[in-house]
Each structure stands twice: as structure tokens, then as C-alpha cells.
Amino acid sequence: MKLSTLAVLLGLGFGLPQLYGLMKPAKFREAVRKFPRSEPWGYALMLLGTAWFLWNLDQENISDFAAYKKALLIGFAAVGVATCIYVRDFLAVRGLAVVFLLLAKLMVDTARWEDTGWRLVIVTWAYVLVIAGMWFTVSPWRLRDLLNWGTATDQRVRLGCGLRLAFGLFVIALGLAVFRPVELKAEQPAERAPTLAR
């Protein structure tokens, strides 16, 4: 995937939910506060994270683990399913943490070779997701506390949604106005230097 495409998708995914919060802060607050203990969200995110991790593992070609790859795939799949069954407390937060870590990997891998300093916006965001993913894995109730604080009043909901929407639009603009032109330029064949006639 190209960084321009990823940036647009990230911006849309991050920004669109904020429109709902700006228009209906009370309902947004209610939905957000239910999230940390939502089992449907927990199952969906944990299974998504498990499948995504297994796909990444299957794509790896590390010779040291080649002989054990099948066993690793089965083992990690079992861990993901078992988590859905036996660790249902704050399952949505734990699943979100896994998705954060995997998304951060995709962001860093995609931005690595982009020939512009603006890629650091995506890379920095990725490392924020890594820190959040580790923190929420160890202390999942922290996300509940953050969400409760961030949605304490309608004014706070609208302010938070407005800031996140602005960032989402900024990332979309980077994808379309910065990353895409850089990629198009890189795809153009290099001009040959003129040869001197003998």
C-alpha cells in the first residue's frame, strides 16, 4: 500500500466518527462510555487483531522459525480465541491495543521509504499508537478513565471531536497534496543525460 492511500484511509477512519460527536454529543458520549466493556466490540477487535497478526507472521521469512511456523500460527490463533473466552473484562480495550500495535507497524513500514520529511507525521502518530497500545494492554481501565474525562460535558466532547476531526483532515491533506505528488514523481522514469555526439 502507498503512503498516500494509507494517509487518506487513516484520516477518514479517524475523522468521520468525530462528525457524529459534533452533531450529537450526548449519544456520542453514551456510545464511547460503553466501549471499554463492550463484548461485541471486544470480540470483533480481538479476532481482527489475531487474524492480522497471523497474516503478518505467515508473511515472515525468518529461517530460524521456519520449522515452527505452523505451530506458532496454531498457538497464536488459540491464544486469540482463548482471550475472547477467558479474558472478557475490558476485552474491547485489549483488542484495540492489539490493533493499535499492528496498525503502527503498517504505518511505519509504509512511511519508511517516502522521500519527504512529512512522513514523520505518520511515523510519530504510529509511535503514539505503540505507547498507547502497550499502556492499555497493561492498564486497560486507563482508557475507560480517559474516555470518561474526555466526555464529561458536551463542550468537552465537541472540543475533542473538533480537534480530532482537524487532525484527520490534515492527514488526508498530506496524503493528497504531499505524499501523492512525491509518489507520482518517483514513478516517473529518470531522464537520461544527453550524450555528446562523437
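Just so you know, all these numbers are worked out from the coordinates, no wet-lab data involved. The structure displayed is predicted, hence computed values, not measured ones. So basically every Cβ, Gly included, is an ideal-geometry build from the backbone, and we count neighbours across all protein chains shown.
General observations
- For the range 1-143, Kirkwood radius (reciprocal of mean inverse C-alpha pair distance, Å): 16.8
- Based on the Kirkwood approach, the hydrodynamic radius assigned to the range 60-99 is 11.6 Å, with every pair of different Cα atoms included.
- Unit charges on C-beta of K, R, D, E only; dipole of the range 5-87, Debye: 520
- Peptides 8-18, 69-79, 90-100 ordered by packing proxy, namely the average of other Cβ atoms within 10 Å per residue, highest first: 90-100, 8-18, 69-79.
- Dipole axis of the range 3-185 (+1 Lys, Arg; -1 Asp, Glu on Cβ), positive-most option in Leu146, Thr116, Gly175: Leu146
- Longest segment of the chain lacking GluC sites (Glu not before Pro) that sit in a DSSP loop with at most 13 other Cβ atoms within 10 Å: 61-190
- Computed from Cα atoms alone, the Kirkwood hydrodynamic radius reported for the range 1-40 is 11.8 Å.
- Evaluated with a Cβ-only charge set (Lys, Arg +1; Asp, Glu -1), the range 85-198 carries a dipole of roughly 80 debye about its Cα centre, given to the nearest 20.
- A dipole drawn for the range 56-198 from +1 and -1 charges on Cβ atoms has a positive end, and of Leu163, Gly80, Asn56 the residue lying farthest that way is Leu163.
- Comparing Tyr68, Leu47, Gln188 along the charge dipole axis of the chain, the residue lying farthest to the positive side is Leu47, per the Cβ-charge model.
- Principal axis dimensions, largest first and in whole angstrom, of the range 71-192 by Cα: 63, 51, 16
- With Cα atoms, 0 to 90° folded angle of helix 119-138 axis to the chain main axis: 30
- The range 3-185, dipole about Cα centre (Lys/Arg Cβ +1, Asp/Glu Cβ -1), debye to the nearest 20: 640
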